[in-house]
Each structure stands twice: as structure tokens, then as C-alpha cells.
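Notes to accompany the following structure.
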Amino acid sequence: MLDETSGRSAAVDEGDRHAVSSPAAGAGVTRALRSLFAAGPGSPWRDPVIWAVAAATFCAYFVLSLYKLLQLAPSSYDLGIYTEFVRQLSQLHAPIDDVLAPGFNLEGNHFQIAVGVIAPFFRLFPTPATLLFFQALFAGASVFAVATAAFSLTGRNTGRLIAFAYAFSWGLQQMVDFDFHEIALAVPLYAFSVSALVRRRPAAAIAWALPLVFVEESQGFSVAAIGGLLMVSAAFPRVLRAASAPAAAPAAPPAAAPAASPGGARDYRRVALWGGLFLVAWGLFWSTFAITVIIPHFNPLHTYYFWKDGGAVGGGKPFSLSGLLVQAGGGWPTKAPTLVLLLLPTAFIALGSPVALLALPSLALRFISPNTAYWGTAFHYDATVMPILFIAAVEAIGRWRRSPALAWQSRAPAFALTGKVRDLLHSARVGAVRHGGAMMAAIAVALAFQFPLSNLWHGSTYELDPHVAAADAAMAVVPDGATVQTTLDLLAPLAARTDTFWIGNKGNPLTQYIVFDGPDSGYSPAITNVPGFIAQLYPGDGYVAVFDRDGVYVFRRG
């Protein structure tokens, strides 16, 4: 037996079969929910360890992001942008986001209407902490999706280790550390969709993938990739053959196991083929329509902003295949370490599954860009890749553990692997099956000391110094609903209750208030004579200082 816990994982599939045949009232709803969430007996939704991991994920990520907010130490102006975006939606207004630019409709930047699901909660709790709460919640919820696939394909104990490794993978840490972004919603959607895909539940995989196109305009290409893999699995069933973990160590060669019912196979092929085709069309349509029609319509320059970087695609230039190849072929001293670091959390086991190909659209869009900021690991771009690669690793382990070449080598010499390379690959696969979960968990612990999670045990993470108190007092001077210009660090708290402009933007109107944090303004070098700086920016416009403490000023006009 390759995993002593594999027998327990079979209860998931048994629970699903029981749900299908149950005659109780509401069985249809129960079947639908179990199809989406796999909440059968023995599932991760009933496992206290997975609940503990998910709760720890939520708490750790919420604490880290919340204290960055309380310390007024944002990574960029993005939290301010999304705070105003959600505030406008919560008041049923057009998403005019003055933080990004005066009078700018944020749908002219990204097609991200899915963020509106947070708006009703923001109406009840109008603070940027609400966005951070849901970002951490989405990360925690995605743990259940990864665990569901891992329990089903690798067994309970291995599944617990893989869920832990995923929960604290560096890609999720970077997302949380970099304020708030719309892709936080994509993480659980990818996790549940791909989890259903590897467990051969095509309807659930399709249902979870559909909303991804409303999270951000480029996600449609990954949705199309999910649809393409569904279609391939319909035509070639062996592509995703690890449907569930074996109930116990086999007593006969797998060839003697009972075959799946023809009707069930036909149903799977029909749903996967036509549903996959629909996903391909759905994803490509929405990405193309958003990039060429929706975003330019709302953009003041009537263009897709992210073509500004130039290159071989977009920006009004004719397409050049040679230019595209040059772009993709450059920057590999940065791109190659990114790829290695992406695969490292799965101990490179993800390379053994075709599911890993679902990460290609996201990586390709980043790597063909001439903007070097997309190539590395410093920002939030890798968060959506994490659930794909971890579930790919799960599928690979499930595939190998059911492989006759692994389980029956000693009793079936015909399956024996020969040659040094094949022996090495065979040993690696056996090691992955037996110890893959432990390796991933160990790597997650080791990497935690190199990424933001390590801040949890640093006392400085929780310190609120007198300068923060001065900034909080300054912001309290500004009444709700006022117009205000402010520095980078104060954007998000003020955007939750005022019409806020970033003072670094050109073309801002004359606002009722200016709140300026001299030491932490974001200007380099720091502004030391703040009243003189404001008088220089707005000569003769009547701004009078009404608050001055620890380098933080409030100016009121008139």
C-alpha cells in the first residue's frame, strides 16, 4: 500500500454516490451543493484539521494585512483605489475613482465588476479593513477546494499536508502583503473549478469557472484553457484518469478492477465536451470584448491602458510575430527564477500533470510583456497560479499511485522501468507518492521565513507609534463626505468616507481639505517644509493649516 490512509478517502466518492440515490426531499439541492463543495462523509468540510488550517490561513492573512493598514504602511495606492471603488458601488453610484485619477471610471482600467460582491458588506462596515477581511476569507476558503482534491486523490493524511502547504504558499502571502486586488476573488474560483476538474466533475468545474471572466479581463484566457482541458479529457479519458484514491492496497492488478459504467462515461464525455467548448467560447469572448470594447469605452483615452507598455501586441501597432518572440525570449534571468520558485512549493511534482498547463495563459501574458514588473515574484500576480499548481501536483500523485508501473512493478515485470533515467524517474515518482505531502509541507515551512508570513512573529508588526496616532488625529479633522487630497499612506482610510484624491496626480480639483503626511508622503526626498510645499502647489488658493502634529498637517480651504 502506498498510503495507509487511502482507504478513508474513498468515503468521499461513496458519499457522493449515496447522495445521488437518496430519495429524501430536497435531494436535488443536496446533490448540487455536494457537487460544488463535495460535502459528503469523509470530505475536508468535515475534517477538523482542514478547518484549523483554513482558520489559521484566514487569521494569519487578515492580521498581516490589517496591521499594515493600521500602521498606515500600504504597498501602493491600490487599497485606496479599491476602497473608493467598493464605496461607490455600495452607494449604487458609478465606480468613479478619484484616487486613480480625477473623474476616472475604474472599469476603464480593468473589467472587474466581480469585486462588487463586497459592496453590500462595505455598506455595513465602511472601512478598508472590510476588503482585507474578504481577501483573507477567500484565501482561507480556497484551502477546502485544494483539500477536497487532495483527499480524493491522495488520501487524508497526505491531503492534510498538501492543504497546509498550499495555505501558506508564498504566492498567497504575496497577494495579501500587496494590499488588496481583484484577483483575490479569482483564487477560490480557480481552486474549486480545477478541484472539480481533476475529480471528473465537469459541471461543477464549469460552474466555478464561469464567473472568472468578471474578475479581471485577462482571466478569460485561463477559463478557455480549463475548457480546452475538459474537451481533451472527454476525447482522451486517460488525460485525467486519477478520479479518486484507491480504497485500499489492490489485491489484483488494476486491469482486473471493475470498469466504469458506460452510461457514466458517456455522460462525462458529453458534459465535458460541450461544456468545455462553451467555456472556451465564453472565456475568449469576454476577454476580447472587455479589452477591445468595454474598457476602451470607459477609459478617457478610449484605449486599453495596459497596451501603453508597447511591444508586439496592441497599442495601435501592427502585430509582429518576430517582435513577440523577441519579447518572450528576453528577461530570462528574471523569468527563470520565477518559474523555479512557482514550482518549488509543490516539490516540482506539478510538472507531472497536464493540469499544470492551465497556468500557461497567466504566465504567458506576463512573460511576453515588455514591462519587467510582471516577470518577478514581488507582487500579487502569482496568487492565481498557486491553486492550479498544487492541484496539478495532487493529480500527478493520484495518477502515479494508480499507475501499474508503480503499484505492480514487483509482480508484473513487464511494467518494470529500465535504464538509469527511467529508474531515476521511477524513484522520483515513488518518492512523490509516498512523501510528496511531507515534502510540500516542509518547503512551505522553510519558505515562510523568506516571505511575509514571518512578520507574524515580529513584534514590530503590531506596533503603532506616535506618528500613526498623529496621522489618525489629522484624518479625524476631515468630516465625512468632504473632498480631500492626501498622501499615499492615508488614501485608503480617507477613501472609505470622503471623496479622496491622491495628491501625486495631476489635474486634481481644489478640494476642501488637504491632509499631508510629511515623513511618509511617498515623495523622495521627504517634504520637510510642508506649509511651504502646499503654498507652492496652490498659491493664493486660501489653504490654511488647521492641524500640525509630528509632521502631519491638515489644510482647509477658505
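Students often check this: by mean Cβ neighbours within 10 Å, which of 211-224, 472-485, 110-123 ranks highest, and how do the rest follow?
211-224, 110-123, 472-485
Classify region 129-252 from the C-alpha gyration tensor, please: rounded if a/c falls under 1.5, else prolate or oblate depending on whether a/b exceeds b/c.
oblate
On the accessible surface of region 74-185, probed at 1.4 Å, how many percent belong to carbon and sulfur atoms?
About 67 percent, which is the carbon plus sulfur part of the accessible surface.
For a Förster distance of 35 Å, can you work out the FRET efficiency between the beta-carbons of Leu66 and Leu424, rounded to the nearest 0.05?
With R0 = 35 Å, the Cβ-Cβ based efficiency is 0.15.
Hey, with R₀ at 41 Å, roughly what FRET efficiency would Phe236 and Ser322 work out to, going by the Cβ-Cβ distance, to 0.05?
Approximately 0.75, to the nearest 0.05.
Decide, for region 498-558, between rounded, prolate and oblate: order the square roots of the alpha carbon gyration tensor eigenvalues as a ≥ b ≥ c, take rounded if a/c falls under 1.5, and otherwise choose prolate if a/b is larger than b/c, else oblate.
rounded
Determine which aspartates and glutamates satisfy two conditions relative to Lys506: a Cα distance under 14 Å, and not lying fewer than 8 residues away in the same chain.
Result set, ordered by chain and number: Asp98.
Can you list the HN-Hα couplings for region 334-341, worked out from phi with the Karplus curve (6.51, -1.76, 1.60; θ = phi - 60°), rounded to whole Hz and with x for Gly and Pro?
Here the 3J(HN,Hα) series is 9, 5, 4, x, 4, 4, 4, 5 Hz.
What is the diffusion coefficient of region 421-558 in µm²/s, taking the Kirkwood radius over Cα pairs and the Stokes-Einstein relation at 10 °C with a viscosity of 1.306 mPa s?
86
Would you please give the residues with an amide H less than 5 Å from that of Val546, counting only those at least 5 places away or on a separate chain, with H modeled from the backbone geometry?
Here the answer is Val554, Phe555, Arg556, since their amide H atoms fall under 5 Å of that of Val546.
Please state the shape class of region 108-168: rounded when a/c is under 1.5, otherwise prolate if a/b exceeds b/c and oblate if not, all from the C-alpha gyration tensor.
prolate
In Å², what does the accessible area per residue of region 425-520 work out to with a 1.4 Å probe?
I get 42 Å² per residue for region 425-520.
Quick one: 3J(HN,Hα) in Hz for region 152-168, Karplus 6.51/-1.76/1.60 with θ = phi - 60°, rounded, Gly and Pro as x.
Going residue by residue, I get 5, 9, 10, x, 5, 5, 4, x, 5, 5, 5, 4, 4, 4, 5, 4, 10 Hz, with x marking Gly and Pro.
The values are calculated or read from the model by the stated rules, or taken from the named source; none is laboratory data. Quick caveat, the model's predicted, so the values are computed rather than measured. Heads up, the Cβs are rebuilt from the backbone with ideal geometry, glycines too, and the neighbour counts pull from every protein chain shown. SASA here: full protein model, heavy atoms, side chains in, ligands and nucleic acids out. Shrake-Rupley method; radii C 1.70, N 1.55, O 1.52, S 1.80 Å.
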